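Let me begin by presenting the structure, written as structure tokens, before commenting on it.
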Amino acid sequence: MTKLLEGITILDFTQFLSGPSASLRLADFGARVIKVEQPSGDLCRSLYVSNCDIEGESSLFQAINRNKESIVLNLKSAADQHKAQQLVKQADVVLNNFRPGVMAKLGFSYEQVKALNPSVIYGEITGYGADSDWAAKPGQDLLLQALSGLTWASGNGDDGPVPMGVAIADILAGGQLAQGVLAALIGRNKTKQGNEEPAATLVQVSMLEAILDFQFEAITTFHHDGQQPLSRSKTNCAQPLVGGAYGFYATADGHICISMGAIPKLGDLLSCPALLAFDDASLWFEQREAIKAILNDHLRSQTTQYWLDILEPADIWCADVYNWQQLFEHEGFKTLKMLQTVTLANGAQYRTTRCPVRIDGERLYNDTGAPFLGQHSRTIEQEFLEP
């Protein structure tokens, strides 16, 4: 398996979802990730997003901590602080996602770590940024969605704010921290090639900034369009900035997604004369309510596959709307080989996703499951710590 980050050691103080999702991706690329856990463990081990349990721990923990090692250290203990300091000195990257000030109290702020390891790459995720008026607020995904404006982009016009059904702020922040760390590693390597001693690098991401960046299109439009609020169509709204037919529609046996397409052409293909009158593309945003109402009624008359058989050959952008069971049974999904089986230290196995990135056409798999609490403490201490 391609391991582009082989030889890179990451000391990972993160917990819950945002930070561990960053170290997961770096582990997928071949880095060695040593997860530092308090004696009670990462709280995510018992943070259940459902009642799904894998070997006594939450499926959420198992999903985002595969291919990592676990060492237990009580950072409030002088002896364990000393152990952590020895690990810091030998790490390439140190990660944390605590609230501002917490790592300093534990003795592992950026300045404290840099004093121990002058060339370290130090990555941190906060909820709102260390210098924000909201810095002390809990950086929890749903709270970030609520503050960010994102919840007014989903749902229909008469709905209230609609949150996304995944931890989008966590996942975006984790992905951006991984990007920042990779950029810092490249910068450090270039410095070494110039025969200079690389300096420490601080990489910071806040969940709020990550979710604001996610909305770059809508925010840019807002500031160049008279600061008009997002206006969702009353029905079948999929994107408040797009007019015309754009949305999901019920059919006789399910739903169909219609993306871009000329409205009169849709009228011809669907044998829907009412759409033929919408021949001015510049008005399709203003006329979206009428267009969607016509489609909403018309598409219910036939099955999803009936409409797809008409629209797809005509190069209309459209799709079935699957649930997970339908998706996983489809050959289009199976050919991606997106799932892998990983194995825990006790031999138990579970299915999870693989890294979505391919290197030179090679899919990146790793069959090592998430570590049990303190599973690698002894071996890590033997390898890294002074006798």
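Coordinate-derived values only; no laboratory data. From a predicted model like this one, the values you see are computed outputs, not experimental measurements. Backbone-built Cβ (ideal geometry, glycine too); neighbour counts: all protein chains shown.
Set the Förster radius R0 to 30 Å, insert the Cβ-Cβ distance between E217 and A115 as r into 1/(1 + (r/R0)^6), and round the FRET efficiency to 0.05. Spell out each step's value before the answer.
Values: r = 42 Å, r/R0 = 1.41.
Once the sixth-power term is evaluated, E becomes 0.10.
Tell me the label-point distance for the pair L339, D53, using the 7 Å Cα-to-Cβ offset, in nm and rounded to one decimal.
Each label point lies 7 Å from its Cα, and together they span 2.3 nm.
In whole Hz, with x marking every Gly and Pro, tabulate ³J(HN,Hα) for region 358-369 from phi via Karplus 6.51 cos²θ - 1.76 cosθ + 1.60, θ = phi - 60°.
Residue by residue, region 358-369 yields 10, 10, 6, x, 8, 6, 9, 10, 8, 8, 8, x Hz.
Classify region 1-151 from the C-alpha gyration tensor, please: rounded if a/c falls under 1.5, else prolate or oblate depending on whether a/b exceeds b/c.
On the way: a/c = 1.44, a/b = 1.13, b/c = 1.28.
Taking the square roots of the gyration eigenvalues as a ≥ b ≥ c, region 1-151 is rounded.
Tell me the net charge near R45. Cut-off is 9 Å between Cβ atoms, R45 excluded, with +1 for each Lys or Arg and -1 for each Asp or Glu. It would help to have the intermediate numbers written out before the result.
Numbers: positive: none; negative: E37, D42, E57.
Here the count lands on -3.
Please list, in chain and number order, the residues 5+ apart from F16 or on another chain whose amide H is under 5 Å from its amide H, with Hs placed from the backbone.
Sorted by chain and number, the residues that satisfy this are L43, C44.
Dipole magnitude of the chain about its Cα centre, charges +1 at Lys/Arg Cβ and -1 at Asp/Glu Cβ only, in debye to the nearest 20?
Working: 30 positive and 44 negative charges, 207 e Å.
Its charge dipole is roughly 1000 debye.
Mind listing the long-range amide H neighbours of S154? Cut-off is under 5 Å, sequence gap 5 or more, other chains count too, H placed in the peptide plane at 1.01 Å from N.
V162
Students often get this wrong, so check it: of K68/K137; K68/K192; K292/K337; K105/K190; K114/K337, which have C-alpha atoms separated by over 32 Å? Before the final figure, lay out each step's value.
Details: K68/K137 29 Å; K68/K192 28 Å; K292/K337 36 Å; K105/K190 34 Å; K114/K337 42 Å.
Going by Cα-Cα distance, K292/K337; K105/K190; K114/K337 fall outside the 32 Å limit.
In whole Å, what is the distance between the alpha-carbon centres of region 159-198 and region 1-46?
Cα centroid of region 159-198 versus Cα centroid of region 1-46: 14 Å apart.
Residue by residue through region 98-107, what is 3J(HN,Hα) from phi via Karplus (6.51 cos²θ - 1.76 cosθ + 1.60, θ = phi - 60°)? Round to whole Hz and write x for glycine and proline.
Values, residue by residue: 7, 4, x, x, 5, 5, 5, 5, 7, x Hz.
Suppose only helical runs count, i.e. DSSP H with n ≥ 4. What mean residue ellipticity at 222 nm does that imply for the chain under -39500 (n - 2.57) per run, divided by all residues and rounded to the nearest 500 deg cm²/dmol? Walk me through the numbers before you get to the answer.
Working: 15 runs with 135 residues, N = 387.
Here the helix-only value at 222 nm equals -10000 deg cm²/dmol.
Going by average Cβ density within 10 Å per residue, which order do the peptides 293-300, 216-223, 175-182 take, highest to lowest? Display every interim value, and only then the final one.
Details: 293-300: 17.8, 216-223: 12.5, 175-182: 20.9.
So the order, starting with the most tightly packed, is 175-182, 293-300, 216-223.
At a 10 Å Cβ-Cβ cut-off, how would you order W134, W307, fewest neighbours first?
Values: W134 16, W307 23.
Fewest to most other Cβ atoms nearby, the residues stand as W134, W307.
Relative contact order for the chain: what percent, with Cα pairs under 8 Å and sequence separation of 6 or more?
Values: 691 pairs, mean separation 69.2, N = 387.
Here the relative contact order equals 18 percent.
Fewest first, what order do L283, L269, L336 take by the number of other Cβ atoms within 10 Å?
On the way: L283 14, L269 17, L336 11.
Ascending Cβ contact count within 10 Å gives the list L336, L283, L269.
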